[in-house]
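Beneath this line is the structure, given in structure tokens, with notes to follow.
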Amino acid sequence: MLVIIIAIGLCLVSVLGVWLLGERWRLLRPSTRKFVRESGGWRQMLNLNVIVNGYVYARWTNQFQRLLIYHIAPRLGPRGKKWFSDHQHHKVLTHEHAKAIINLDHDIPLRDLEQIIPYPMARNLVLKGPPDVAAYECCCRHIRTNPCQPTQVCMVIGQPFVDFILEHHPGSSRRLSQTEALQLLEDEHKRGHVHAAEFKTAFLDRFYVICNCCKCCCGGIEVMNKYGVRQMVSSGFVAETNSDLCNSCGACVSACPFGALSLEANRVHMIWEKCMGCGVCIDLCPSNAKSLVRDERKGIPLDVGLF
């Protein structure tokens, strides 16, 4: 008799649990349900990395970034720096390669991604074309006292990320047409900002954002330059100076986000290790003395035209 009572009790608890879970599921926003499904279901959502760097980051982006830049990054030891480097990383894009992602008109698989992004957590992925794109307020600029303008310059790419951001941040995000996305890239490029594809292992091991980074606000550039946390890898190119055209004005030196250029004895010198091949210095050179050249030692470009 006791066994029967226990069995009935367990059945009732199970039914109640399923009912409560169903009610909770229905109460979730559609984009959250999509995020949970595409992240691998509730079991995967119990993974701390997925919860913190996935849901929490997307839901409370500004608060997360403030905590990371001002409180966590300054206190990281060698193991902490390695963990962050392996789980969140950016691939610098040339202006043309950033535009190519927005112009993509078909799905393409990217295999052996570690050749492009040399991190242990890099995996294969598929870029969907044409991609859904949403402009989202840059969390790095948002947390600064006097940020660069405009601030709505982060470009969220693909599902379920676009719907999640639009539904949870309606006041600071907007859907972009392909034309609007290309114009945003062009405007940011002219301002001297760096295009970078951001990958997070918590977000389905996928590329999901094109950042448009300025050296004065970008948290990734700051923690890399100031604390030695490797957050960005080269585009696969380096900047080259034509000494016959260069007038030693120093415009490229002040423009470089990574401190890779210096002016010594009226000549521009490049620190090869620091150059990320972003191309910012190219268009800001008034004498057209600079160009990007392919350098195999810097890795493989994220050029969707090659795949």
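The values are calculated or read from the model by the stated rules, or taken from the named source; none is laboratory data. Fair warning: this is a prediction, and the values are worked out from it, not measured in the lab. Using ideal geometry, Cβ is built from the backbone for each residue, glycine included, and neighbour counts are taken over all protein chains shown.
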Within region 252-273, residues crowded, with 16+ Cβ neighbours inside 10 Å and either within 21 Å of the chain's Cα centre (by Cα) or in a helix (DSSP H, G or I) (or both) come out as Cys252, Val253, Ala255, Cys256, Pro257, Phe258
Considering only residues that are out of contact with any Phe, Trp or Tyr (no Cβ under 9 Å at 6 or more places or on another chain) and surrounded by 14 or more Cβ atoms within 10 Å (Cβ to Cβ), look in region 238-251 and name the one that is nearest to Gly192 (Cα to Cα). Ala251
Any residue that is small (Gly, Ala, Ser), within 23 Å of Phe84 (Cβ to Cβ) and either modelled with pLDDT of 90 or more or crowded, with 18+ Cβ neighbours inside 10 Å (or both) - is there at least one of those in region 286-306? yes
